[in-house]
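What follows is a short report on a single structure.
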Amino acid sequence: MVDEQDRAAGRQAGACPPWCTVRHGRSDPPEDRLHQSSGLAVPVIARSGTAEPETLGEVREFVVVVSRKGGRGPTWVYVGDGEEQWLEIDAQTMSRVAEVLRQVTEELT
């Protein structure tokens, strides 16, 4: 037997992008929902933007999270440490940045 919570979860799943891991309330209007993916952690060696060029980096953890407000807004990709280093840009732009990063890093090897 399907209860009311299961029916609500079914409606929620239909209104959310497949990457959304947020459990929205039944009374949340779809256009006001913040859809968000689970974070993917990436260990990095980073240095502060104010560091001198000869400064060695330190081990940190960056998190990658996808989010979107409502059903039609832009989809954002966040990459950062949650403290001083972060970048949050729309998904299409992030895809272009990722391609350039691949090109640049391949040229280093």
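The values are calculated or read from the model by the stated rules, or taken from the named source; none is laboratory data. What you are looking at is a predicted structure, and each value in this text was computed from that prediction instead of being measured. Here Cβ is always computed from backbone atoms with ideal geometry, including for glycine, and neighbour counts include all displayed protein chains. Each accessible area value is taken on the protein alone, full model and side chains, heavy atoms only, with ligands, DNA and RNA left out. Shrake-Rupley method; radii C 1.70, N 1.55, O 1.52, S 1.80 Å.
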Given the conditions (1) among the hydroxyl-bearing types (Ser, Thr, Tyr); (2) modelled with pLDDT of 85 or more; (3) open to solvent by 100 Å² or more (accessible area, probe 1.4 Å), every one holds for Ser37 apart from (3)
Looking across segment 52-82 at residues that are hydroxyl-bearing (Ser, Thr, Tyr) and under 30 Å from Gly25 (Cα atoms), the single one that is surrounded by the fewest Cβ atoms within 10 Å (Cβ to Cβ) is Thr75
